[in-house]
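The values are calculated or read from the model by the stated rules, or taken from the named source; none is laboratory data. It should be emphasised that the depicted structure is a prediction, and the values quoted were computed from it without experimental measurement. Here Cβ is always computed from backbone atoms with ideal geometry, including for glycine, and neighbour counts include all displayed protein chains.
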Amino acid sequence: MIDFSKKDWWKEAVIYQIYPKSFQDSNGDGIGDLPGILSRLDYLQKLGVNALWISPVFASPQVDNGYDVSDYRAIDPMFGTMEDMRTLIREAGARGIGILLDLVLNHTSDQHRWFLEACKGRDNPCHDYYIWRDGQPGVLPNEMRAAFGGPAWTYVPQLGQYYFHQFAPQQPDLNWENPAVRQELYAMIRAWMAEGVKGFRLDVIDQIAKDPDRQITANGPRLMEFLHELNRETWGGANLVTVGEAWGADIPRARQYSAPDGSVFSMVFQFEQMCLDHEADKWVPKAMALPELKASIARWQQGLHGCGWNSLFWDNHDLPRIVSRWGDDGQARVDSAKALAVALHGLQGTPYIYQGEELGMTNAPYPVEDLRDVESINAYHELVDGGKSPEEALALIHRMMRDNARTPMQWTAGENAGFTTGTPWMRVNPNHTVINAEAALADPDSVFHTYRKLIALRKAYPVFVEGDFTLLCPEDPQVFAYLRRGAGQELLATVNLSGKPAAFALPEAFRGCQPLLATQGTPDSGVLRPWEALLYLRDAI
């Protein structure tokens, strides 16, 4: 059990992300909720995770599935009540599991009280909480595009002004240049700290400092000033875990964000590896060779060692399922899911597991009428309007759409996968009859039990937390192998990330060692089976 009073406890932790709408419904309305999460705490304790990052459960019109917040201090009724949240914090804590909240500080909902007040007049105290430009109908302040499609500006006739939004029109960006805005947000964070949460994930936090007139939407000149102030005014010195989502982070910035002095965040979510298989437009695929992925991982492992901290993840609520993306979600689904897990969990950093990843859940190539994500739906229509056939557009969307991650959690082979007794808000993947938690728990060779072993190994052997990183055979197109040294131990990971046998000779120092973990039984000498993964441990000399 993690000691949450220990400095930097999160370096030894494994964090599990819950997308509450799709995790477990408790009342039959088809939508996952806080009591549903509470009912699955024993499952999460069995898995061995130390903290739960819960995607937004604040009051919201749900235009962007909760990332459009209308009240930061209220739980949305679809998820439960404030008392449900307090019960979850208490009961999870009793099992040695902390709760992390997902904070959206870049923008609010257009139904937030601040924005409703802001639209009443230019002299309203809340008007300057947002970013406005004078203008005429149809004459945009500039040509900036929103991330979800369409212009980044929306006109408010009664004000004769446009407001700026990097995402949907219903998600107006907050004006962080206004000290009053910042103080409102800091007070809200302190209130949640008082409720006993163990940390926060900060959504698109590198976008809070911006200059739309110069088309600067991330990493603006005042970003570090704002982040240091945020830290000082809230969690600084509180020994909480904080992770900033920063799509544009490079290694120098990540060192600033996750510096050992704790002056900003504990760690950062960066996406360099997760952007290697598509162009800047994520709907345009690009070939990715394994040496490119390995080189990127090595840069980050070595670049932050001793001067920052990595977050380790393959999946989250914004990404397609990793076993479908870089594994084999057909006959080799189990083996490839295990291989990808071992490859990631042997690295230095804090691992994140997204709900269902531990089961090897797959993408869901649904027809457009079954999609629920505003980004996917808008992109589909833009592709069709741009000349793609409906079939071509859907094929491009399927590969990277966020809906893949948001299908209901697959608990059983029964109706609606055990997620709800009602009609699920989003269609359940039909393969739940094979891929589900009940079956995984009963099978000692399942993906679930591989994740359990990896979590237990991280707790048992300090080299997982402290060791450095050396990439082996960097140009090998099939094998991801690396060596980690630290705490008087040496850890060797050898993973075949392909569907064909791969030649690999163990380094001499490890010959004769029995594997610490083997995903396909006793290994063959000199060759890795398709999707085979092995971990070896020895005392350092």
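One table, with the values for the structure above:
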item: Helices (runs of 4 or more DSSP H) wholly inside region 337-454 that include at least 2 residues being of a type in the set (S, T, N, Q) and farther than 22 Å from Pro530 by Cα; result: 374-385
item: When residues of region 214-240 are limited to those that are loosely packed, with under 15 Cβ neighbours inside 10 Å and under 20 Å from Lys198 (Cβ atoms), the one modelled with the lowest pLDDT; result: Gly237
item: Check on Leu44, closer than 20 Å to His317 by Cα and surrounded by 22 or more Cβ atoms within 10 Å (Cβ to Cβ); result: no
item: Lone qualifier among Ala337, Ala437, Ala405 - being in contact with a Gly (Cβ under 7 Å, 6 or more places away or on another chain), in contact (Cβ under 8 Å) with a residue 40 or more places away in the chain and surrounded by 19 or more Cβ atoms within 10 Å (Cβ to Cβ); result: Ala337
item: Where a residue in region 476-487 is under 17 Å from Trp300 (Cβ atoms) and hydroxyl-bearing (Ser, Thr, Tyr) and its partner, wherever it lies, is at pLDDT 95 or above and part of a loop (DSSP other than H, G, I, E, B), with Cβ under 9 Å and at least six apart; result: Tyr482/Gly346; Tyr482/Leu347; Tyr482/Phe469
item: Elements of type strands (runs of 3 or more DSSP E) in region 456-514, at least 2 residues being among the polar types (S, T, N, Q) and modelled with pLDDT of 95 or more; result: 489-496
item: Enumeration of residues in region 311-330 that are part of a loop (DSSP other than H, G, I, E, B) and not aromatic (Phe, Trp, Tyr); result: Asp315, Asn316, His317, Asp318, Leu319, Pro320, Arg321, Gly327, Asp328, Asp329, Gly330
item: Subset of region 189-208 (residues that are surrounded by fewer than 21 Cβ atoms within 10 Å (Cβ to Cβ), under 23 Å from the mean Cα position of the chain (by Cα) and either over 18 Å from Val243 (Cβ atoms) or of a type in the set (Lys, Arg) (or both)); result: Gly196
item: Positions within region 410-434 being surrounded by fewer than 19 Cβ atoms within 10 Å (Cβ to Cβ) and either more than 14 Å from Asp33 (Cα to Cα) or among the aromatic types (Phe, Trp, Tyr) (or both), in sequence order; result: Thr412, Ala413, Gly414, Glu415, Thr423, Arg427, Pro430, Asn431, Thr433, Val434
item: Top-ranked residue in region 94-144 [being β-branched (Val, Ile, Thr) and more than 27 Å from Leu52 (Cβ to Cβ); ranked as nearest to the chain's Cα centre (by Cα)]; result: Ile131
item: Among the candidates Asp64, Asp3, residue that is surrounded by fewer than 23 Cβ atoms within 10 Å (Cβ to Cβ), outside the structural domain of Ala405 (by TED's automatic domain parsing) and modelled with pLDDT under 95; result: Asp3
item: Unmet requirement for Glu358, which otherwise passes all of (1) charged (D, E, K, R); (2) within 30 Å of Gly486 (Cβ to Cβ); (3) out of contact with any helix residue (DSSP H, G or I) (no Cβ under 9 Å at 6 or more places or on another chain); result: (3)
item: Odd one out for Asp102, checked against (1) surrounded by fewer than 17 Cβ atoms within 10 Å (Cβ to Cβ); (2) closer than 30 Å to Arg86 by Cβ; (3) of a type in the set (Asp, Glu); result: (1)
item: Residue within region 414-426 that is in contact with a helix residue (DSSP H, G or I) (Cβ under 7 Å, 6 or more places away or on another chain), among the aromatic types (Phe, Trp, Tyr) and either within 15 Å of Ala337 (Cα to Cα) or in the same structural domain as Gln355 (by TED's automatic domain parsing) (or both) present; result: yes
item: Residues of region 515-541 that turn out to be outside any strand (DSSP E or B) and either closer than 20 Å to Tyr451 by Cα or of a type in the set (D, E, K, R) (or both), as a count; result: 10
